[in-house]
Amino acid sequence: MYTSHEDIGYDFEDDPKDKKTLKPHPNIDGGWAWMMVLSSFFVHILIMGSQMALGVLNVEWLEEFHQSRGLTAWVSSLSMGITLIVGPFIGLFINTCGCRQTAIIGGLVNSLGWVLSAYAANVHYLFITFGVAAGLGSGMAYLPAVVMVGRYFQKRRALAQGLSTTGTGFGTFLMTVLLKYLCAEYGWRNAMLIQGAVSLNLCVCGALMRPLSPGKNPNDPGEKDLRVLPAHSTESVKSAGQQGRTEEKDGGPGNEETLGDLQAQECPDRAGKNMWALRILKTLSWLTMRVRKGFEDWYSGYFGTASLFTNRMFVAFIFWALFAYSSFVIPFIHLPEIVNLYNLSEQNDIFPLTSIIAIVHIFGKVILGVIADLPCISVWNVFLLANFTLVLSIFILPLMHTYAGLAVICALIGFSSGYFSLMPVVTEDLVGIEHLANAYGIIICANGISALLGPPFAGWIYDITQKYDFSFYICGLLYMIGILFLLIQPCIRIIEQSRRKYMDGAHV
């Protein structure tokens, strides 16, 4: 159905000479590229895995603060939503500071959010500390992890993204068990303190995000220093050489005595201050140029002549993303409560349904990634087929009231949601690698809006009807509309092409 952005007929470059292609590099599809996969894998464990396990903390918050399910669900939704909604703005950080620095700062902010949340006196406090602070830090670490894998792989992009994003499944399983144990042994407040310490490992993952091409990557500050500072040093050497030659021409001991007197009169402290002032000015100048360049790239990508929004298929993709993610998030947040309503707590304690989704989700990402990389298979067809399976599972879930039935549907949800590993690949096919950071930032922003509104909406529906069934049906219906919107766009494009050919033939 779709193959690549070339087939779709979308290209940002006005001049073919300006097109950027990745040159052969020893780390492309090998070498340090696999360290990028490992780094991204642990980022997904620490961020997405923790967020998918928030159902455990959601139950604790309900018991602690005695608020409605709809209001309490906003804590988890804010964290998940802001992680993704800030994507376009994190693209500005990446253009300015680079992926490595952005991810390290994000790890620090995320850890701080977890720690501050341990001292929450009410749900509204958690909105700020956990929803906003921890969510912002998660977003700053998450987007660089996805972008760096895309930069390091060409031939095995789907497989690499699939392997790295399996961290979500592993993380969901591990973090669910860990949070349950910590809450039972130490209470939810101490559990959040410990989780805050664990989240500092995001800084280690960020440190592994080495720029691909040393000396050519504009995102690496070390490389900027190599380009900027020697220029000033060369000018200093030239000016010093010119002064030396002038003194040689003038010659004579009188000049040497004058130079000695000047050196004697010069204050060492003043010379040191002047040197530090010069360095500070150079640093400020470099930072200003870098921020300006990053903002220009970010702005042109969204609102300039090369705007992503001129790509009709990409706009349809955004519309799909607005409804897709809530259908995946709602089961994770509300399944622990649904299990209690169906009196299945004992069976669920033995093997939680969310863990079933997480484990099968791992296999789904890898298998779908391998299938999508096959030369005879279109990544778009795999992507759409997985979406149809997921929306069908969402419609069937409310009909199941036994543990076995729920387990089967959760397995289907876990496997079909493996298409998340294909989202960066599909996005890159639509816009090209040079616009991946900005474009994927928009997509996860749309997903964030879906994650932000979905769980509170389900909780609100339950407060009104005392059932979760209608929330699944409504979300599934909206999800189906998003999929159909994706399918309509290529049909419209084919009709337009046929009409142009007909008009051209008529004019001839």
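The values are calculated or read from the model by the stated rules, or taken from the named source; none is laboratory data. The model shown is predicted, which means the values in this text are computed figures rather than measured ones. Backbone-built Cβ (ideal geometry, glycine too); neighbour counts: all protein chains shown. Just so you know, the surface numbers come from the protein's heavy atoms only, side chains and all, with ligands and any DNA or RNA stripped out. Shrake-Rupley method; radii C 1.70, N 1.55, O 1.52, S 1.80 Å.
Here are some notes:
- A search for C-beta distances below 7 Å between a residue of the stretch 180-200 that is open to solvent by less than 40 Å² (accessible area, probe 1.4 Å) and any residue that is in a helix (DSSP H, G or I) and of a type in the set (S, T, Y), counting only pairs 6+ apart in sequence or on different chains, returns M192/S117; Q195/S50; G196/S111; S199/S111.
- Being surrounded by fewer than 23 Cβ atoms within 10 Å (Cβ to Cβ), at pLDDT 80 or above and not assigned by the TED database to the domain that holds Q154 is a description that does not apply to F295.
- In the stretch 35-70, of all residues being at pLDDT below 85 and part of a helix (DSSP H, G or I), the one that is most open to solvent (accessible area, probe 1.4 Å) corresponds to R69.
- Residues of the stretch 374-394 that are buried (at least 17 other Cβ atoms within 10 Å of the Cβ) and of a type outside the set (S, T, Y): V379, W380, V382, F383, L384, A386, N387, L390, V391, I394.
- Filtered residues of the stretch 369-394 (kept if within 20 Å of F317 (Cβ to Cβ) and not in a helix (DSSP H, G or I)): I377, S378
- Count of the stretch 354-389 residues which are under 30 Å from N340 (Cα atoms) and acidic (D, E): 0
- Among the residues of the stretch 114-133, those that are in contact with a Leu (Cβ under 8 Å, 6 or more places away or on another chain) and either part of a helix (DSSP H, G or I) or of a type in the set (D, E, K, R) (or both) comprise W114, V115, S117, V123, F127, T129, F130, G131, V132, A133.
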